[in-house]
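Structure first, commentary second.
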Amino acid sequence: MDHFNYHDGELHAEEVPLHRIAEQVGTPVYVYSTATLTRHFGLFRQALDWTDHLVCFAVKANSNLAVLKLMGDLGAGMDVVSGGEYARARAAGVPGERIVFSGVGKTLIEMRQAIEGGIRQFNIESEPEMRALSELAVSMGAEVPVAIRVNPDVDAKTHEKIATGKSENKFGIPIARARQVYAEAAELPGLRVLGVDVHIGSQLTDLEPYRQAYGKVAELTRVLRADGHAISRLDLGGGLGIPYRRDNNAPPLPIEFGQVIRETVGDLGCEIEIEPGRNIVGNAGILLASVIYLKEGEGRDFLIVDAAMNDLLRPAMYSAYHDIVPVAEPALGEELQAFDVVGPICETGDTFRKGVELPALAGGDLVAFRSAGAYGAVMASEYNSRPLVPEVLVKGDQFAVIRARPTFEEMLARDSIPSWL
Ligand SMILES: *Cc1c(COP(=O)(O)O)cnc(C)c1O
């Protein structure tokens, strides 16, 4: 459920009619709903209310400071994958004790930054990284909490670019080698090994892969404890999918996900961490765009909008589906036409979707790309020197710009021409 609905003949974000945002901020623009974010975070919390837990928002899904502040104030932890994300989480007021650091290529600079600023745990992804962190911690006189990410070799049944739990993927340590790696970790100074971490992919629409992966984690935890390791924490990752199409079978709910966790690892007495990103923020955001031209082609009509692949990369990168709807509510029984919805960028890949059924639209009309709150703005670029897409946060009948569109002057000022040129 989200808070983008038609009333009074127009699509609203909570109580704000979208034309008002378009008028004040211009398009394209991302629009997020605080009520939806709050609701989705609450569902994960509720799903784990049977145990000691921390829901760590996956910052890479949406890293706007206002979104992070909202999450942090609700009590969320943060899952970060870079020094930049760590800095954002801290700037949003989240204490280091609620931040976990994931990622296969943490640099010494990033690890130092997190040790100095405070960290709940590093999720270690390889032996070289484990040794580097140990050396660094010793040199800083610190002892850092770590979990080791295991790769359970489970097929997440999702898009190949976002599957992370198969043995051929770059993530984690093969679960078959985990015992040996934990044994080495226990000997390394500066590390306090307290957990097992797993994350098998994104946009999962089936609970079975989770059941398999968490079953393996439970088995491993028992073995590790028998080996003498004090495993008190399980980080079970994120990845729960969202319904991108309104008409198709909805993915499992957070409460069902929580049930699988309970059934697989619930008896181990571990503190549970999860790292949902997309499921919290995906359907809490839309991308609002204006039609520039309706262009009649050979056997097809193109709707050229002012959003492009640099603003929303998912269709070009993952062939991802987004519902595209008119902001003005179509009349009941209004005739629909098929359009190829495209952006202005000079690449054929800049096609959002072909054959979208829409009412007759004209230049200046507004359209909304639904389910665009996750992996939308964070992947935006200034390709074709299009200003970085702005973001707006709505709460009830109020809204605020939470990232302004840069002016051309600001964009140009980032470059410099050497004096010798
Ligand atoms: C991307 C990622 C997540 C979040 O995935 P979602 O599909 O957005 O829930 C969580 N943990 C790790 C380690 C990730 O890389």
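The values are calculated or read from the model by the stated rules, or taken from the named source; none is laboratory data. On a predicted model such as this, the values are computed, not experimentally measured, just so you know. All Cβ positions, glycine included, derive from the backbone under ideal geometry; neighbour counts span all protein chains shown. Areas reflect the complete protein model, heavy atoms only, side chains present, ligands, DNA and RNA absent. Shrake-Rupley method; radii C 1.70, N 1.55, O 1.52, S 1.80 Å.
Two-decimal Rg/Rh of the chain from alpha-carbon positions, Kirkwood Rh?
My calculation of the ratio gives 1.01.
Of the accessible area of the chain, with the probe set at 1.4 angstrom, what percent is carbon plus sulfur?
Using a 1.4 Å probe with all protein chains present, the chain comes out at 50 percent carbon and sulfur.
At R0 = 30 Å, how high is the FRET efficiency between L74 and D301 if r is their beta carbon distance? Nearest 0.05 is fine.
0.10
Kindly rank 210-219, 274-283, 299-308 from highest to lowest mean number of other beta carbons found within 10 Å of each residue.
Top of the packing list down: 274-283, 210-219, 299-308.
Distance between the C-alpha centers of the stretch 380-403 and the stretch 286-345? Whole Å please.
Taking the Cα centre of each part, the stretch 380-403 and the stretch 286-345 sit 19 Å apart.
Report the gain in length on full extension from R225 to H19: 0.36 nm times residue separation, minus Cα-Cα distance, nm rounded to one decimal.
68.3 nm
Karplus couplings for the stretch 153-164 from phi (6.51 cos²θ - 1.76 cosθ + 1.60, θ = phi - 60°), rounded to Hz, Gly and Pro as x?
6, 10, 7, 6, 6, 10, 4, 4, 6, 10, 8, 10
For the full complex of protein chains and a 1.4 angstrom probe, list L294, L358 by accessible area with the highest value first.
Descending order: L294, L358.
For M130, what accessible area in Å² do you get when you roll a 1.4 Å probe over the heavy atoms of the protein chains, rounding to the nearest 10?
M130 exposes around 0 Å² with every protein chain in place.
If the viscosity is 1.567 mPa s and the temperature 4 °C, what translational diffusion coefficient in µm²/s does Stokes-Einstein give for the stretch 67-135 when Rh comes from Kirkwood over Cα pairs?
Stokes-Einstein gives a translational diffusion coefficient of 108 µm²/s.
State in Å² the accessible area per residue of the stretch 68-203; use a 1.4 Å probe, count heavy atoms of protein chains only, and round to the nearest integer.
40
Which whole number in µm²/s is D for the stretch 63-276 by Stokes-Einstein, with the Kirkwood Rh taken over Cα pairs at 10 °C and 1.306 mPa s?
Stokes-Einstein gives a translational diffusion coefficient of 90 µm²/s.
Using the alpha-carbon centroid of each, what span in Å lies between the stretch 172-196 and the stretch 62-97?
Cα centroid of the stretch 172-196 versus Cα centroid of the stretch 62-97: 27 Å apart.
Go through the stretch 342-356 residue by residue and turn each phi into a ³J(HN,Hα) via Karplus (6.51, -1.76, 1.60, θ = phi - 60°); whole Hz please, and just put x for glycine and proline.
With the stated coefficients, the stretch 342-356 comes to 10, x, x, 6, 7, 8, 5, x, 7, 10, 6, 5, 9, x, 7 Hz.
If R0 is 22 Å, what FRET efficiency do you get for A338 and H159 from their C-beta distance, rounded to 0.05?
Efficiency computed from Cβ-Cβ geometry: 0.30.
Could you check the simple spin-label distance between Y383 and E409, using points 7 Å along Cα→Cβ, in nm with one decimal?
3.0
Between D8 and S232, what is the label-point separation in nm under the 7 Å Cα-to-beta-carbon projection?
5.4
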